[in-house]
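Trainee: Mind looking over this structure? Questions follow.
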Amino acid sequence: MTGRRSVLRIAKSPWLRRGLLVTLLCGAILRPGLPGGSAEAATADLNVFFVVDTTTSMVAEDHGNGAPRMDGVRQDIMAIAEGLPGARFSVITFDTKGHVRMPLTTDTLALETITSVLEPQVTSYARGSSITAARQVLGERLAAARDSHPERPLLVFYLGDGEQTSGDEPEPLVPDNGPVAGGAVLGYGTEAGGRMKENTGRDYDGAAQGVPYVQDRSGGTTRDAVSRIDEGRLREIAGQLDVPYVHRAAGDPPAAMLQQARPGALEHTQDAESLPGRTELYWVFAAGAFVLGLLEAGTLFRRVRELRPLPDAVVTEPRMATRSPHRSHMAGEKVQ
């Protein structure tokens, strides 16, 4: 009964309720926990960089049953993240140049969000691209990661189709700043190739009906352009990184890809001791704060509804019969 009375007292007292709400929020921010659980040192200490080709060719519809290549890229990125729990992930995309879409983080929800919104370059901006356009950005990020945490192995996963549309020969992907510990080059597409839908830059949706295909106007004729995978180029990049090359097709199991992508340098570390972990308790405080927040919102809502606009006050001065002292005096004289 005592506990029930305390709960009722908190529910009825706005100041107690608000004070407890602030206390719970502070508790959630401090992220309390209990000892327990573990994380594999072989994966928790990894820095993983995804280098993703976002040129127009990556939406060529030859991944499985007419699906764009980018669908396979999204699936494989999340499969790698699931296979390397506790690692830090970064996403670098490239078209005519490289872009850091997400710096290193352990937040796989952020990784999923970034991956889900990947889309090709606006078609009208395409002027020919290099398969190593991310060279400078990747080199800078690898150097920064190596300087800040030299003990963490660096993994690079390159995901693309190898199609070089620039007239110049591609430079090496990784500048001479030290080798990476592992990763893989993942290739998408077929030799037969596939057509590509345009990206006009206005709410791109490759699955929508009526989206026009990219046109090839070379040779005096106009026809749908076709993109084909260039596995020779992809193998060159794999050789530069000293990682395996793996061709990816729809339906290929991610487990086999992960087994091929893990280099021997990391195999022996998988038997290393587990890192001590803990059981997070912040969610208990967050849940309590959420309930109290709902109560507070309900109270405020009721008070707002109880407020009624007051009618405009009409101020009228009463008419008082006043007599002029002079007229009263004159009247008195007449009476007499």
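Residues are listed down the side, and each one gets a yes or a no for (1) under 30 Å from Thr165 (Cα atoms); (2) modelled with pLDDT of 95 or more:
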position	(1), (2)
Pro35	no, no
Val48	yes, yes
Asp53	yes, yes
Gly64	yes, no
Gly72	yes, yes
Thr93	yes, yes
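Trainee: To continue, here is another question. So which helices (runs of 4 or more DSSP H) stay within region 181-276 end to end and still have 2 or more residues that are modelled with pLDDT under 85, of a type in the set (Gly, Ala, Ser) and not assigned by TED's automatic domain parsing to the domain that holds Asp161?
Mentor: Once the helices (runs of 4 or more DSSP H) in region 181-276 are filtered for at least 2 residues that are modelled with pLDDT under 85, of a type in the set (Gly, Ala, Ser) and not assigned by TED's automatic domain parsing to the domain that holds Asp161, nothing remains.
Trainee: With Ser130, Ser116 as the choices, which residue is under 25 Å from Pro170 (Cα atoms) and either in the same structural domain as Met257 (by TED's automatic domain parsing) or within 16 Å of the chain's Cα centre (by Cα) (or both)?
Mentor: Numbers: Ser116 fails: under 25 Å from Pro170 (Cα atoms).
Just one listed residue meets the conditions, Ser130.
Trainee: Separate question: Tell me the residue from Gln164, Gln136 that is within 21 Å of Gly187 (Cα to Cα) and surrounded by fewer than 22 Cβ atoms within 10 Å (Cβ to Cβ), please.
Mentor: Among Gln164, Gln136, only Gln164 is within 21 Å of Gly187 (Cα to Cα) and surrounded by fewer than 22 Cβ atoms within 10 Å (Cβ to Cβ).
Trainee: If I ask for residues that are surrounded by fewer than 22 Cβ atoms within 10 Å (Cβ to Cβ), out of contact with any strand residue (DSSP E or B) (no Cβ under 6 Å at 6 or more places or on another chain) and hydrophobic (A, V, I, L, M, F, W, C), which ones from region 85-109 would you list?
Mentor: Result: Leu109, single match.
The values are calculated or read from the model by the stated rules, or taken from the named source; none is laboratory data. Just so we're clear, the structure is a prediction, and the values are computed from it rather than from any experiment. Note that each Cβ is placed from the backbone with ideal geometry, even for glycine, and that neighbours are counted across all protein chains shown.
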